[in-house]
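The values are calculated or read from the model by the stated rules, or taken from the named source; none is laboratory data. As the structure is a prediction and not an experimental result, all values here were calculated from the model. Using ideal geometry, Cβ is built from the backbone for each residue, glycine included, and neighbour counts are taken over all protein chains shown. For accessibility, only protein heavy atoms count, side chains too; no ligands or nucleic acids. Shrake-Rupley method; radii C 1.70, N 1.55, O 1.52, S 1.80 Å.
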Amino acid sequence: MSQFSDFRGNEDLGPVFVREKGQLFLAGSHCARINTSPVRLFSKGFSVQLCVNQGDHCKPKEKPFIFTYTEQGSLRYSAKPLFTMALDLIADNIRHVDSLLGFPEQVAERLFTAAEARLQFCHPQNGLVALRKFTEAYGDLMLSSLCLRGKYLLVSEKLEEIKSFHGLRSLDLSCCKLGDGHELFGHLCTEAMDSLRALYLKDNCLSDTGVRKLTAPVRVLHRGLGKLTLLDVSCNPEITETGVSFLLVFNQLEYLDISDTGVQDPIATCKKIQTRMGLIQSMKLLNQFDHVDCRTQGWAEQVNCVPTLPLCAFSIAFLVDTDGKEKVNCEDLPTPVRYENPTNGTKHLQFHRPAVVKNPIQTVPNSGHFPVKRTKEEKRVGDTKSSHPAKKSRVALTSEDWDLLNSY
């Protein structure tokens, strides 16, 4: 300390500090002691903990190997094919695919199966979007026939999924009690259902108003269900002769069932249908309306339906809730009252188109051996006579029809 006292008079040096035994002193002054405490960056109770996001449930990466056993019982593994690995990757991220148009059908079917196994179509936000990518690209390959007989709860719950299927040829909505104002009937009149050929609407609480709504696009706009070849509107007591007159616009029908409806004059109705549509009444029950062969067909058909139930819905993925739990069970769905085959006490009114004989031999009465050719005047008169029924088939539009068309 004494060696620093000589420099106190020198102003150029300034104050000099010395540390002794862990304490800091001003050189030449023992009383000017500076108490300094060590500076801590963190407090004594500070600790570091690695936080992991508990909501991140990332699927563990699958190993690209397949383990098998040889004939001797030893374990052998081989590399997984690159095609399978790529297919699994696309199935896990199907929601990010822009479009499947032009994609090979054989590969798309395996991709749909892989995506369904991963419950990709049950996602609350992206499930319906992923399903529409398949239906827009492959149409009837997804579902060509859909049987929802008696599944009225399923129709209301999965309406958007049902409406996403394009290219349906057969749709069975029997015993669903939908009523005239159901949203699905409006979808049947759109261009997405132009391919529909068979429609079963048995026991759906339909009336003349519902039939008029179904036939309005065909009668006026010449689109909708005009290509139907089979129609079943039986067991709808509110359909009368007025509703049957609306059905006459379906000139391509091969089979028609209006049994157990509100028709009061069956004889006059049968005559009108035979004259206007060319259908004759069947004296026996037609197999086309027994619903024995009615089932769902396509990639999205239900894979684990109960064997005792002939009523299939669609893909099992649509019957599962978003959390993976089964939401709708085929056995738990209550089935409405179904009408059995008509007996003697019911009105059996089933119609079919008679078979046409190819190349019929027409005989013309003539005194000679060869038929006489018609003159030009006879041909002109015959053509004018044949053209009159076509003019009579036109139906005048009422004010209610125009109001209905304006609502589309």
Checked the range 227-265 for anything crowded, with 16+ Cβ neighbours inside 10 Å and farther than 24 Å from MET193 by Cβ; matches are THR240, GLU241, SER259, ASP260, GLY262, VAL263
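Which residues, taken from the range 169-202, are aromatic (Phe, Trp, Tyr) and part of a helix (DSSP H, G or I)?
PHE185
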Name, by its number, the condition in (1) at pLDDT below 80; (2) out of contact with any strand residue (DSSP E or B) (no Cβ under 8 Å at 6 or more places or on another chain); (3) closer than 20 Å to CYS176 by Cβ that does not hold for CYS312. (2)
Can you run down the residue pairs with Cβ atoms below 7 Å, 6 or more apart or on separate chains, where the first is in the range 169-190 and acidic (Asp, Glu) and the partner is in a loop (DSSP other than H, G, I, E, B) and open to solvent by less than 10 Å² (accessible area, probe 1.4 Å)? ASP172/LEU148; ASP180/LEU206
Scanning the range 278-288 for residues that are in contact with a Leu (Cβ under 8 Å, 6 or more places away or on another chain) and open to solvent by 10 Å² or more (accessible area, probe 1.4 Å) gives GLN281, GLN288
Sort out which residues of the range 173-215 are in contact with a Phe, Trp or Tyr (Cβ under 8 Å, 6 or more places away or on another chain) and open to solvent by less than 10 Å² (accessible area, probe 1.4 Å), and write them in order of number. LEU173, SER174, CYS175, CYS176, CYS189, ASP203, GLY210, VAL211, THR215
Let me confirm something: among GLY243, GLY224, which residue is touching an Asp or Glu at 6+ places or on another chain (Cβ under 7 Å) and either in contact (Cβ under 8 Å) with a residue 12 or more places away in the chain or over 25 Å from ASP401 (Cα atoms) (or both)? GLY243
Return the residues of the range 88-101 that are touching a residue at least 12 places away in the same chain (Cβ under 8 Å), in a loop (DSSP other than H, G, I, E, B) and open to solvent by 60 Å² or more (accessible area, probe 1.4 Å); say none if nothing qualifies. SER99, LEU101
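Conditions tested, residue by residue: (1) surrounded by 17 or more Cβ atoms within 10 Å (Cβ to Cβ); (2) closer than 27 Å to GLU191 by Cβ; (3) free of Cβ contacts under 8 Å to residues at least 24 places away in the same chain.
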{"site": "ALA86", "(1), (2), (3)": "no, no, yes"}
{"site": "GLU109", "(1), (2), (3)": "no, yes, no"}
{"site": "LEU141", "(1), (2), (3)": "yes, yes, no"}
{"site": "CYS147", "(1), (2), (3)": "yes, yes, no"}
Say whether the condition of being at pLDDT 90 or above, of a type in the set (Phe, Trp, Tyr) and closer than 23 Å to LEU168 by Cα is met by at least one residue in the range 116-129. no
From ARG118, ARG132, grab the single residue that is touching a Ser or Thr at 6+ places or on another chain (Cβ under 7 Å), open to solvent by 60 Å² or more (accessible area, probe 1.4 Å) and touching a residue at least 24 places away in the same chain (Cβ under 8 Å). ARG132
Between residues in the range 274-291 that are hydrophobic (A, V, I, L, M, F, W, C) and residues that are assigned to a helix (DSSP H, G or I), which pairs lie under 7 Å by C-beta distance while being six or more apart or on different chains? LEU279/ILE273; ILE280/GLN274
So for the range 120-142 (the condition being more than 29 Å from PHE246 (Cβ to Cβ), in contact with a strand residue (DSSP E or B) (Cβ under 6 Å, 6 or more places away or on another chain) and outside any loop (DSSP other than H, G, I, E, B)), does at least one residue qualify? yes
